[in-house]
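See structure below.
The values are calculated or read from the model by the stated rules, or taken from the named source; none is laboratory data. Since this is a predicted model, take the numbers as computed values, not measurements. All Cβ positions, glycine included, derive from the backbone under ideal geometry; neighbour counts span all protein chains shown. To get the accessible areas, we keep the full protein, side chains included, count just its heavy atoms, and leave off ligands, DNA and RNA. Shrake-Rupley method; radii C 1.70, N 1.55, O 1.52, S 1.80 Å.
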Amino acid sequence: MTTRAKTGTSGRGTPRVPPGAGGNTGVTGNTGATGNTGDTGATGATGPAGAPGADGATGATGNTGVTGDTGATGSNGSTVGFLYFACNSQTNNEFLNPYEFRIDSDADEAACQLLLPPGYTSYTIDQMIYAVESGAVAAANRTATVRKNGVNTTLTATITTGNNSASDTIHSFSAAPGDRLSVQVTGTQAADGFQCSMRITGVP
């Protein structure tokens, strides 16, 4: 008969040793080198403007500058006046009187000329008006023409039938000291006075 061998007593493992107590913390190591600077960030939005500061004190007044030289004396300005011619009754192709109103027109131009005085270098005559006196009207066309030294100028006015005045505000002519002016009329009309005036500007 077969004999079963006996096994030996089962052995136990090596006993577990508990861990030892923790050691002391080691010395802190040296600080590492500083890293590279990072990129600059974007600029922030501009803040609101501050309130204006108070006005500064007014500075001291500077010294008065030197007075400049007196400028040259300017020339005298032009002088404006009016010439007047008239008659009590007018006759065709005669002349109005520059000196006295209550007389009739005169056929003698030399007796009715107005002599321009000295004191100016030149004159300009313009703005003529010719009218029947006291609201009467022209019985027919009546024309007055200003003449210089016996020659017609462009300054002329015609009162048409049934009207009492006419003017020339467009034409003008120049004259000089010593020139003689007269006003010749056309058309005969008794008992109704006629008047004629014009502007004269004297240039120094």
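Fully extended, how many nm does the chain gain between V137 and N152 (0.36 nm per residue separation, minus their Cα-Cα distance)?
Here the answer is 2.9 nm.
Where does the charge balance sit around F194 when Lys and Arg score +1, Asp and Glu -1, over other residues with C-beta under 11 Å from its C-beta?
Combined, the nearby Lys, Arg, Asp and Glu give -3.
How charged is the neighbourhood of S174? Take every other residue with its Cβ under 12 Å from the Cβ of S174, and add Lys/Arg as +1 and Asp/Glu as -1.
Here the charged neighbours net out to -1.
Can you give the extra length, in nm with one decimal, that the chain gains between I129 and T64 once fully stretched, where that is 0.36 nm per residue apart less the Cα-Cα distance?
Additional length available on full extension: 17.7 nm.
With Cβ to Cβ distances under 12 Å as the rule, what net charge do the other residues near Y84 carry (K, R +1; D, E -1)?
Taking every Cβ under 12 Å from that of Y84, the sum is 0.
Could you provide, to the nearest whole Å², the per residue accessible area of the range 88-204 with probe 1.4 Å?
46 Å²
Roughly how many whole Å is it from the C-alpha centroid of the range 79-94 to that of the range 123-171?
Answer, in whole Å: 9.
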